Amino acid sequence: MNYVSTRDKQLSVTAAKAIATGIAPDGGLFCPTEIPQLSKAELEKLMTLDYKGRAALVLGKFLTEFTAEELQDFCNKAYADEKFGGSNTAPVVSLADGKQILELWHGPTCAFKDMALQMLPYLLTASLKKTGETRTACILVATSGDTGKAALDGFADVEGTKIMVYYPVDGVSPMQKLQMTTQKGENVEVIAIHGNFDDAQSAVKKIFTDKQTAEKMDKNGMMFSSANSINWGRLAPQIAYYVSAYCDMVNNGTIKNGDKINICVPTGNFGNILAGYFAKQMGIPVNKFICASNKNNVLTDFLKDGGTYDRNRPFYTTDSPSMDILISSNLERLLFYVSGQNDKLVSELMNNLSKDGKYTVPAELYEKIAQDFDAGYCDDEQTAKTINKLWNDEKYLADTHTAVAVKVYEDYCERTGDKTPTVIASTASPFKFCRAVIEALGGTLEKDDVTQLDVLSGLTGESKPKPLAELAGKQPRFNKVVDKTEILDTIDLLIKL
Ligand SMILES: *Cc1c(COP(=O)(O)O)cnc(C)c1O
């Protein structure tokens, strides 16, 4: 199977090469030219497997240079029971009105990023071997909070790799910050920037495609790679949990095999929801994708209002910081597929985005997207109300990101009357966003961030996740803060690491 750049189909590589390099040299994103299909027999087989088996089979469809044994071995290690609190890696919890909450945060850093970032180190190190790469892979990560910690946890002390994470100094939750700054490992570096996630992501993307920096890295026996969802190796493992959720819903009688579902996702960089789109293209019956945003509602406007993507608007810092994003990178991949792999068009649109901060897709392309995607957004006040209501009515404790999705889904139902059973991606443990959740429940905040875990636990009777409780008393190792204009200079730090 071949992978090509969304901006130039002539740039064609193997899956291993796409994973090893992360982003295409022209700044485009690698995409498979064909989306593999799940046959009826395969889907039936998937229903009998555990999560590890399902993930191995789905990955095998895309990563054709990897053997089934290899992928099963990776899945056994990445999704080991002791890392995910048991064998039910991504459980589906049924709530009222057909809501099926797909909990993706049972991994070691308590956010859905673990579903891909526990796997990526295995895929990346194997890809380096398969491509004959002997240089050290230096992973640059821009994070709005959760990717940073999950990537650090996945790559800490992994041989042949180094990792450097950039996070917005005022744009992550206290718990997210503590998780990152206390990270162990000889090959890790964490840097705060004065700027927001988009600044970090844009700087990192620029470094990836800068020839001079690449030469400097090469001289030092190093190369860049990415752990953001621009890397195909990050996206591919995310497809598996939508397939798995469908299997679980058939197995528990919520739906019959062949019935359609909706998928509602709290969205930032558009990676998670795009993974759902791939599951649909593989053959999972999906009626609508519902793209949920917070007050940074650039995607809602794009999807609901004629196909103009315009990032020229205020950037808001919200209680759902992992969605505080105005440049949703993976939308580029959706445009590539819906336009029939029109690399010229994608390239033009992305040029407009970087020049003017906006673009408008052709009307016919917009119509196609609007057939599959609905959208909505919700502010912090509505998010808090939703957390409160879910707890009081259904005894379900949701984090801020999940609550955004639930609210947007409820609005969607009211507007459309659609009764299709809906998978709502739950992307983080509520304990990761203690302050906002405690306030939403009307509790009283403590000063210390780790003590908040006990407050939330006391309010709800839910037990605090061990990886977060273990942060108590840990001293931060990293305290460097740089301006967004100085990100390129920090590469020397990485080289010395
Ligand atoms: C990363 C993240 C999101 C957004 O996911 P994308 O793939 O960037 O759209 C939503 N919620 C949480 C908790 C996250 O960590």
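Here are a few things to note about the model shown:
- Some residue of the range 231-244 being touching a Lys or Arg at 6+ places or on another chain (Cβ under 8 Å), small (G, A, S), outside any loop (DSSP other than H, G, I, E, B) and within 23 Å of I325 (Cβ to Cβ): no
- Matching residues, the range 149-160, being without any contact (Cβ under 8 Å) to a residue 60 or more places away in the chain and either within 15 Å of the ligand (Cβ to nearest atom) or surrounded by 22 or more Cβ atoms within 10 Å (Cβ to Cβ) (or both): K149, A150, L152, D153
- In summary, E470 fulfils each of the numbered conditions (1) in contact (Cβ under 8 Å) with a residue 60 or more places away in the chain; (2) of a type in the set (D, E, K, R); (3) farther than 19 Å from S94 by Cβ with the single exception of condition (1).
- From the options F66, F84, residue that is within 30 Å of P421 (Cα to Cα), of a type in the set (F, W, Y), in contact (Cβ under 8 Å) with a residue 12 or more places away in the chain and out of contact with any helix residue (DSSP H, G or I) (no Cβ under 6 Å at 6 or more places or on another chain): F84
- Within the span defined as the range 285-299, every residue fails to be of a type in the set (F, W, Y), outside any strand (DSSP E or B), surrounded by 20 or more Cβ atoms within 10 Å (Cβ to Cβ) and touching a strand residue (DSSP E or B) at 6+ places or on another chain (Cβ under 8 Å).
- Where A214 falls short, out of the listed (1) in a loop (DSSP other than H, G, I, E, B); (2) at pLDDT below 95: (1)
- Pairs linking a residue in the range 424-438 that is touching a residue at least 12 places away in the same chain (Cβ under 8 Å) to a residue that is away from the ligand (no atom under 11 Å from the Cβ) and of a type in the set (F, W, Y), with Cβ atoms under 7 Å and 6 or more positions apart or on different chains, are I424/Y409.
- The set of residues from the range 93-148 being more than 16 Å from the ligand (Cβ to nearest atom), under 18 Å from the mean Cα position of the chain (by Cα) and not aliphatic (A, V, I, L, M) comprises P121, Y122.
- Set side by side, the residues D97, D114 differ, and just one is crowded, with 24+ Cβ neighbours inside 10 Å, acidic (D, E) and in contact with a helix residue (DSSP H, G or I) (Cβ under 8 Å, 6 or more places away or on another chain), which is D114.
- Taking first residues from the range 213-240 that are over 18 Å from V165 (Cα atoms) and partners that are in a strand (DSSP E or B), the Cβ contacts under 7 Å between residues at least 6 apart in sequence or on separate chains come to G221/T136; W232/Y3; W232/F30.
- Filter result for F302 (within 11 Å of the ligand (Cβ to nearest atom), under 30 Å from V169 (Cβ atoms), crowded, with 18+ Cβ neighbours inside 10 Å and at pLDDT 95 or above): no
- Applying the criterion of being farther than 13 Å from Q179 by Cβ and in contact with a helix residue (DSSP H, G or I) (Cβ under 8 Å, 6 or more places away or on another chain) to the residues of the range 442-456, the residue that is surrounded by the fewest Cβ atoms within 10 Å (Cβ to Cβ) is T444.
The values are calculated or read from the model by the stated rules, or taken from the named source; none is laboratory data. Predicted model only: the values in this text are computed from it and were never measured. Note that we place each Cβ from the backbone using ideal geometry, even for glycine, and neighbour counts take in every protein chain shown.
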